[in-house]
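The values are calculated or read from the model by the stated rules, or taken from the named source; none is laboratory data. Just so it is clear, the model here is predicted, and its values are computed rather than measured. Here Cβ is always computed from backbone atoms with ideal geometry, including for glycine, and neighbour counts include all displayed protein chains.
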Amino acid sequence: MMQNYTGEFDMWVNRYDNFNNSIERISKKYQWIAYYEILAKLVDKFPDVQYSGLWDDYIRDIDPTLLLLEIDKESKILVPSPLPSHQSNEWVKNTKVFDETKLFLEIDIDNHRYICLSSKFNFEKREKEIPFEDRDSCYFLAMGYFYNKEDSNEIIKDYENNYDRGINIPRAHSIYLYEYYWSEAYKNYKEGYLTESDGNLCPAIYEYFWELDYSVKDRSISFYIPSKEIVDYFSLIQTEEGVWKTKFGETICINSKLLEFDNECLLIKKESLLNFLNTKKLSIGWKIYLEKISLRDRQEWWYNVFYDDGKYNKKIIKNEMSIIRRNF
């Protein structure tokens, strides 16, 4: 029926598949209206449950506080690629990237020294028409956390027992970007989510994640933001996506992903972080996963890093070599 009214317009909309269009069809808009009408009728008839707020239904599909619809293509190098110039088993087997962990945790940008509250680097080199398993790659993921120094042994023990669960960075699916960390939506999420801050660790970051509507090229957007502890201590204001400043206009935190760098780090000025740690009598550490691949050889590390007076002390949880089997 709708094509009688919108068919001529819809014919000129670029189609790629059944899910993605560069412009959402007019008839699709009417489908959304019908969807919400049906949803409203279901809610009216559904048995009563405890109501916390508008975020309960998990269908907040538009974030009105987010002006950024896509992240600009990266054009600046944050850390030089550690990949070998030629494929090499020896490169996989050596410990060079592991030994240089500090390069991925402390970075200079525009004559300012930053420490990474989180780091996610993905370097990859693959020739055209070459199977995925024959690539050269290096993947580095680090999640920062705050802790009391006397708890370091417990932290190591916990990671030894749970490293196979991966590095779980806290994130919510129904909190608007500019609702962190003051809104009822966040408070409700915090009450129902048992984070490591209830134990020995307090995450230094959160991951903002939002699924976007069909009119946007990338169906979702995500990036790291500083934790409540950092935001509250410095009274930070997110003046634009990826930049957090004090009320006096001093930039304290930046997200490299939103500033056109090739990899993502949530960075905090080193001097500011050390001031925070000293005042709060806390230390900073990272859970880290590192993977290197070349010629189907793979080496992986799971480890903790503890910052202590300018030194990055590493504690290996697990290190193993393996061979990547071909997928048929």
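Things worth noting here:
- Condition met for residue 156 (among the hydrophobic types (A, V, I, L, M, F, W, C) and over 19 Å from residue 294 (Cα atoms)): yes
- Residues of the range 100-131 classified as over 24 Å from the mean Cα position of the chain (by Cα) and either charged (D, E, K, R) or assigned to a helix (DSSP H, G or I) (or both), total: 4
- Residue within the range 249-263 that is within 30 Å of residue 134 (Cα to Cα), exposed (fewer than 14 other Cβ atoms within 10 Å of the Cβ), modelled with pLDDT under 95 and acidic (Asp, Glu) present: yes
- Some residue of the range 149-156 being surrounded by 15 or more Cβ atoms within 10 Å (Cβ to Cβ) and outside any helix (DSSP H, G or I): no
- Taking the listed residues 154, 124, the one that is in the same structural domain as residue 288 (by TED's automatic domain parsing), more than 28 Å from residue 242 (Cα to Cα) and in contact (Cβ under 8 Å) with a residue 12 or more places away in the chain is 154, with no other qualifying.
- Of the numbered criteria (1) surrounded by 15 or more Cβ atoms within 10 Å (Cβ to Cβ); (2) at pLDDT 75 or above; (3) aromatic (Phe, Trp, Tyr); (4) not assigned by TED's automatic domain parsing to the domain that holds residue 274, the one residue 35 fails is (1).
- Checklist (1) in a strand (DSSP E or B); (2) under 16 Å from the mean Cα position of the chain (by Cα) applied to residue 244, failing item: (2)
- Residues in the range 227-241 that are of a type in the set (A, V, I, L, M) and not in a helix (DSSP H, G or I): 236, 237.
- Index of the failed condition, residue 87 passing every other in (1) crowded, with 16+ Cβ neighbours inside 10 Å; (2) among the polar types (S, T, N, Q); (3) modelled with pLDDT of 80 or more; (4) part of a helix (DSSP H, G or I): (4)
- Of the residues making up the range 143-158, none is of a type in the set (S, T, N, Q) and at pLDDT 95 or above.
- Filtered residues of the range 282-313 (kept if basic (Lys, Arg) and surrounded by fewer than 16 Cβ atoms within 10 Å (Cβ to Cβ)): 311
- Conditions (1) modelled with pLDDT of 80 or more; (2) surrounded by fewer than 10 Cβ atoms within 10 Å (Cβ to Cβ); number of the one not met by residue 47: (1)
- Residue 245 free of Cβ contacts under 8 Å to residues at least 40 places away in the same chain and surrounded by 14 or more Cβ atoms within 10 Å (Cβ to Cβ): yes
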